[in-house]
Amino acid sequence: MNVIQAVKMYITKMTEESGPGMKVILMDKETTSIVSMVFSQSEILQKEVYLFERIDSHSKWDNLKHMKCIAFLRPTSENIALLSRELRYPKYGVYFIYFSNVISKADVKTLAECDEQEAVREVQEVFADYLAVDRHLFSFNITGCLRGRTWGQQELQRCAAGLAGAVLSLRRRPALRYEAASEACARLAERVRQLLRRDAALLGAAGDLPAPQLLLVDRRDDPVTPLLNQWTYQAMVHELLTINNNRVSLAHVPDVPADFKEVVLSSEQDEFYAKNLYSNFGEIGQTMKSLMEEFQKKAKSHQKVESIADMKNFVETYPLFKKMSGTVTKHVTVVGELSSAVGAYHLLEVSELEQEIACQSDHSKHLQRLKSLISNESIRHHDAAKLVALYALRYEKHANNALPALMEALKNRGCPEHLVKAVVNVLEYGGAHARQSDLFGLQDAAKITKRLFKGLNGVENIYTQHTPLLKDTLEDLIKGKLRENLYPTLGGDDIGYGRRPQDIIVFIVGGATYEEALCVHQINQAYPGVRVVLGGTTIHNSTSFLEEVKAAMQGVHRTHTRHIKNV
């Protein structure tokens, strides 16, 4: 299950089915992102696609009857209306229409009635209704999917359709499991089931294979992971610079070359990035050094152009050299930015304390270090507030809990009000009352023993000792140990229950993180024969997560943090 490959395959199929000749691709806002995540413009040009049009752009072109139009759209009522108008007065010679999900018969009838000039050659459904971020990671780019802890109607519809599409692309009927304590997961599971029942004809029986599993979990069960600073390349770039649809803005960097004001970081198009997605920050420095050395060698050989043979060689290798030069400049700039942020914001100190609060219990030591970091002017307000939020989650039930005093300390250092409020919101959103899991391993004997051994052996790296809760959940699911009372199968469909699943789609309502994507990558390597894909309403860094929490707590009365005054 490689989601990038799946989307690429569908788009390639569209360009091939329309036959040779000049083509235009007509998309909407969302399908534009879906395509741009997996193909660069030059790759699409190789498929004879010379024009990219938005269906909602109303651009005035002269007669383009010599061009074939591939329409790739989400099956929304708005798109059907725009496409109907396009077909009444067709700009292009012929139309090949592809919807990114299931379309109703009534909508097909509407389109057929508008196609008076019989320009439509093909109407098909392809199941590419998500943003493929990585081979095993997809997203719907929705921050704030819950408003006041309940689904927004539009967001629920979008996620359910996208997930149903992902399942339909597997062509096998899945087992639908969801987190019992989460109303949001239960509603989404029910909605996905309705859609899959409607399209049951498209799903074959599992046969001898175990049924694919779609597991829905709630971000509220693990509010710790998105709050932590990250130290692997991809996650670190997202935390400190923000990755948006594979693009990173460097416009704020002084003296950055014009070409690098926005850079693309895609594992499909950038070999260096693909190899180093999960390398930690220390390793990246070493790899950058060897990349620079290799580049300098090539640059030297390029300076020596004496004979005709040298010239020929230079011309042949120049495109590769130019590409390498771009890669080097891009990654040197990005790594340089990360490095200066780490120094300027004292992130090593901050991260060490974050990891310790997340993984160990030592109240007085943590409180003392937290107070000293809050009083340090060089620490960003954002990091100070995150540390207090982690403390609030870890020591919520502790007898000597000092949260009110820490909140005062945040105010005294001039921390903006929205960040002070964020601490209270995080505790209301993901405190002990909201979680069904044993997040800090306080009840489970096996977890306590594991932590004890870890403490005795010491940790390999103090900055990466935290593992997301998702790892335990997935390992239990793979081993057939995931408890049915905590993660019921919807409608009691126990198809293939108890058998080791091979295909798993795990979806986090409230957003996934790159740390969890790394954990899924490790599970895929550790369990041959098991293919796990992770999806989320969005991909969070700590800033977007605090926005998510704020949206979810909108208009909700505080019931668990009433003792904290003046917030």
| note | Note to self: C-alpha centroids of the stretch 239-262 and the stretch 1-16 sit apart, in Å, by 28 Å
| DSSP-loop trypsin sites (Lys or Arg not before Pro) across the stretch 38-70, with at most 10 other Cβ within 10 angstrom | 60
| task | Report in % the part of the accessible area of the stretch 325-367 that belongs to carbon and sulfur, leaving out ligands and nucleic acids; probe 1.4 Å. | result | 51 percent
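For the stretch 347-430, what D do you get in µm² per second when you plug the Kirkwood radius from alpha-carbon pairs into Stokes-Einstein at 20 °C and 1.002 mPa s?
Here the translational diffusion coefficient equals 170 µm²/s.
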| task | Answer with one residue from 76, 528, 430: the one whose Cα lies farthest towards the positive end of the charge dipole of the chain, charges on Cβ with Lys, Arg +1 and Asp, Glu -1. | result | 430
| Can you list the lysines whose alpha carbon sits under 19 Å from that of residue 29, skipping same-chain ones fewer than 8 residues off? | 8, 60
| the stretch 152-238: trypsin sites (Lys or Arg not before Pro) in DSSP loop, at most 15 other beta carbons within 10 Å | 171
| query | Non-local amide H neighbours of residue 71 (under 5 Å, H modeled in plane, Pro and chain starts lacking H): which ones? | reply | 26, 96, 97, 98
| Share of carbon and sulfur in the accessible heavy-atom surface of the stretch 3-127 [1.4 Å probe, %] | 52 percent
| message | Probe radius 1.4 Å, ligands and nucleic acids left out: which of 115, 129 has the largest accessible area, and how do the rest follow? | response | 115, 129
| said: Leaving out ligands and nucleic acids, and using a 1.4 Å probe, what accessible area per residue does the chain come to in Å²? | reply: 46 Å²
| request: Compute the Cα gyration tensor for the stretch 506-567, then decide on rounded, prolate or oblate, letting a ≥ b ≥ c be the square roots of its eigenvalues: rounded whenever a/c is under 1.5, prolate when a/b is larger than b/c in the other cases, and oblate in all that remain. | output: prolate
| said: What does the charge count around residue 121 come to, taking other residues whose C-beta lies under 11 Å from its C-beta (Lys +1, Arg +1, Asp -1, Glu -1)? | reply: -3
| How much of the DSSP beta bridge set in the chain is antiparallel, as a percent to the nearest 5? | 20 percent
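Once you list every other residue whose beta carbon is under 11 Å from the beta carbon of residue 394, what net charge do they have if Lys and Arg are +1 and Asp and Glu are -1? Walk me through the numbers on the way to the answer.
Numbers: positive: 397; negative: 354, 356, 362, 396.
Computed value for this residue: -3.
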| Heavy-atom accessible area of residue 361 with all protein chains present, probe 1.4 Å, nearest 10 Å²? | 70 Å²
| Can you tell me the Rg and the Dmax, both Å, for the Cα atoms in the stretch 34-75? | 11.7, 31
| message | Let me spell out the model: positive unit charges on the Cβ of Lys and Arg, negative unit charges on the Cβ of Asp and Glu, origin at the Cα centre of the stretch 347-430. What dipole size does that give, in debye rounded to 20? | response | 160 debye
| Unit charges at the beta carbon, dipole of the chain: most positive-side option, 256, 2, 402 | 402
| Considering only the other residues whose Cβ falls under 11 Å of the Cβ of residue 346, what net charge follows from Lys and Arg at +1 and Asp and Glu at -1? | -3
| field | Cα gyration tensor category, rounded, prolate or oblate, for the stretch 1-156 with a/c compared to 1.5 | value | oblate
| request: Quote the charge dipole size of the stretch 3-127 about the Cα centre in Debye, to the nearest 20; the model charges only the Cβ of Lys and Arg (+1) and of Asp and Glu (-1). | output: 140 debye
| request: Let me have the relative contact order for the stretch 26-113, percent, based on Cα pairs under 8 Å that are six or more residues apart. | output: 34 percent
| request: Set Lys and Arg Cβ to +1 and Asp and Glu Cβ to -1, take the dipole of the chain about its Cα centre, and tell me which of 203, 439, 90 lies farthest positive. | output: 439
| remark: Calc'd 3J(HN,Hα), the stretch 466-478, phi into Karplus 6.51 cos²θ - 1.76 cosθ + 1.60 (θ = phi - 60°), Hz, glycine/Pro = x, comes to 6, 10, x, 4, 3, 4, 5, 4, 5, 5, 5, 5, 5
| task | Would you work out if the chain is rounded, prolate or oblate? Take a ≥ b ≥ c from the square roots of the eigenvalues of the alpha-carbon gyration tensor; rounded if a/c is under 1.5, else prolate when a/b is larger than b/c, oblate otherwise. | result | oblate
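Could you order 150, 287 by accessible surface area, starting with the largest, using a probe radius of 1.4 Å?
Details: 150 65, 287 40 Å².
So, going from the largest accessible area down, we get 150, 287.
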| query | Size of the dipole of the chain about the Cα centre, Lys and Arg at +1 and Asp and Glu at -1 on the beta carbon, nothing else charged, in debye to 20? | reply | 660 debye
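How would 471, 297 line up by accessible area, probe 1.4 Å, largest first? Write out the running numbers ahead of the final one.
Details: 471 55, 297 150 Å².
Listed by decreasing accessible area, they come as 297, 471.
The values are calculated or read from the model by the stated rules, or taken from the named source; none is laboratory data. Not measured: the values here are computed from a predicted model. Positions of Cβ are backbone-derived with ideal geometry, glycine not excepted, and every protein chain shown enters the neighbour counts. Note: areas computed on protein heavy atoms with side chains; ligands, DNA, RNA excluded. Shrake-Rupley method; radii C 1.70, N 1.55, O 1.52, S 1.80 Å.
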